[in-house]
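S.K.: Below you'll find the structure I mean.
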Amino acid sequence: MIKDRTDIPALDKRVPGVPAIEPVLFPKLDALYARRSSRLEELAFELVKEAVQNEASSAPADEVNAGYFGFLATLVAAQGRILAHSPLSLADAAPVRALLRGGSTSPDIPSQEMLENTQYWQKAFAALVADAGDHLPAETQESLQALAAEQPGVLAAQAYALLSGQYDQVNAGAAVFLWAALSVFWAQAIALLAQDDATLHQRRSEGGACPCCGAPPSGSLVLTGDREGLRYLQCSLCETRWHKVRATCSVCDETGHIDYWSFEDTLAPIQAETCGDCKSYVKLFRLDRDPALEILADDLATVVLDAALEEQGFIRAALNPFSFPA
């Protein structure tokens with residue numbers, strides 16, 4: 001089991017006094033992919049155990065879910081290999097730099113033309129299909145390989161639909177691969193640009209979107225260690241984390257009608273934070289209570305909580321790229 005948050009950079013303690021709260025944190029991507037893949041494998045193993053222990057009527061569902069978690073572990077590990085063997089150059093990050101030239105507001109969704117002219121994520125898509133696609137049925141593999149061989153405009157159209165939330169316009173089998181390719185590009189680009197652009201470290205979120213790429217969060221984290229108790233939302237695309245005061249709605253910034261839900265007691269490590277004003281919710285992953293939690297893996301493992309909240313009339317304000325809305 002993973003004991004710490006090694007993908008979060010250490011706090012700079014060279015300045016005396018109480019450290020200021022950083023508006024934005026940029027992850028160590030190699031560690032992030034490694035621990036995400038490990039957590040997915042761990043959850044897959046737990047599902048296999050449940051399938052063995054459960055009655056025959058429920059075991060097949062556990063086995064299917066375990067297979068999907070295992071596939072996702074392979075996909076995330078493949079992202080890590082792209083990072084290690086084909087790292088993004090600063091020149092390759094130029095299109096993202098252009099999108100950031102809008103001041104303090106969240107960047108716009110990239111145009112289809114920009115996506116078509118950016119080769120890195122397209123090559124990453126092909127690499128992910130070749131690396132992780134063999135864990136899928138033959139028919140799905142063939143469909144993915146055919147899409148990877150298409151003209152850049154066809155792939156860019158699918159990516160644009162995905163980024164703009166037109167999920168019904170995207171090849172269902174390709175969506176997770178497309179987002180994984182786009183994410184390994186965007187995450188590296190933002191991290192690179194942040195090295196020589198101090199303004200990126202001070203960006204603020206508007207309406208709950210990532211301040212660095214404009215994508216929705218995957219959820220929120222309450223950190224442990226040197227930043228014990230601080231709450232950060234985590235981007236579903238570029239993996240950036242941005243600070244948000246606790247008990248404040250991540251969408252509308254209201255504080256008067258915030259509630260916390262779980263199937264356990266008030267000390268549950270995973271809760272849903274709901275806002276009675278805008279009727280939105282995000283899950284809260286309390287790393288101060290369970291440092292092994294990983295935001296995408298454990299979000300996917302707690303979909304029953306989503307179902308319960310939606311029955312209460314709340315709308316999810318987060319996106320898990322392992323499970324796109326229908």
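S.K.: Collect the residues in segment 95-136 that are exposed (fewer than 13 other Cβ atoms within 10 Å of the Cβ), within 27 Å of residue 24 (Cα to Cα) and not hydroxyl-bearing (Ser, Thr, Tyr), keeping them in residue-number order.
M.R.: 98, 101, 102, 103, 108
S.K.: Continuing with this model, one more query. Any residue in segment 251-266 that is within 30 Å of residue 175 (Cβ to Cβ) and part of a strand (DSSP E or B)?
M.R.: Yes, there is a match, as at least one residue in segment 251-266 is within 30 Å of residue 175 (Cβ to Cβ) and part of a strand (DSSP E or B).
S.K.: Now for a separate question. Where residues in segment 267-291 are part of a loop (DSSP other than H, G, I, E, B), without any contact (Cβ under 8 Å) to a residue 60 or more places away in the chain and not basic (Lys, Arg), which of them is surrounded by the fewest Cβ atoms within 10 Å (Cβ to Cβ)?
M.R.: 267
S.K.: Evaluate the following for residue 10: is it within 30 Å of residue 192 (Cα to Cα), modelled with pLDDT of 80 or more, open to solvent by 30 Å² or more (accessible area, probe 1.4 Å) and in a helix (DSSP H, G or I)?
M.R.: No: the conditions fail for residue 10.
S.K.: Would you confirm, using the coordinates I've provided, whether residue 298 is within 17 Å of residue 233 (Cβ to Cβ) and either in contact (Cβ under 8 Å) with a residue 12 or more places away in the chain or open to solvent by 40 Å² or more (accessible area, probe 1.4 Å) (or both)?
M.R.: Taking the combined requirement at face value, the residue satisfies it.
S.K.: So which residues in segment 256-275 are in contact with a strand residue (DSSP E or B) (Cβ under 7 Å, 6 or more places away or on another chain), of a type outside the set (A, V, I, L, M) and closer than 16 Å to residue 314 by Cβ, if there are any at all?
M.R.: 257, 259, 260, 261, 262, 271, 273, 274, 275
S.K.: Let me ask something additional. So which of 181, 209 ends up being at pLDDT below 95, surrounded by 19 or more Cβ atoms within 10 Å (Cβ to Cβ) and on the phi < 0 side of the Ramachandran plot?
M.R.: Numbers: 181 fails: at pLDDT below 95.
Of the residues listed, the single one that is at pLDDT below 95, surrounded by 19 or more Cβ atoms within 10 Å (Cβ to Cβ) and on the phi < 0 side of the Ramachandran plot is 209.
The values are calculated or read from the model by the stated rules, or taken from the named source; none is laboratory data. Quantities reported herein were computed from a predicted structural model and do not represent experimental measurements. Cβ: placed from backbone, ideal geometry, glycine included. Neighbour counts: every protein chain shown. Heads up: the accessible areas ignore ligands, DNA and RNA and are worked out on the full protein's heavy atoms, side chains in. Shrake-Rupley method; radii C 1.70, N 1.55, O 1.52, S 1.80 Å.
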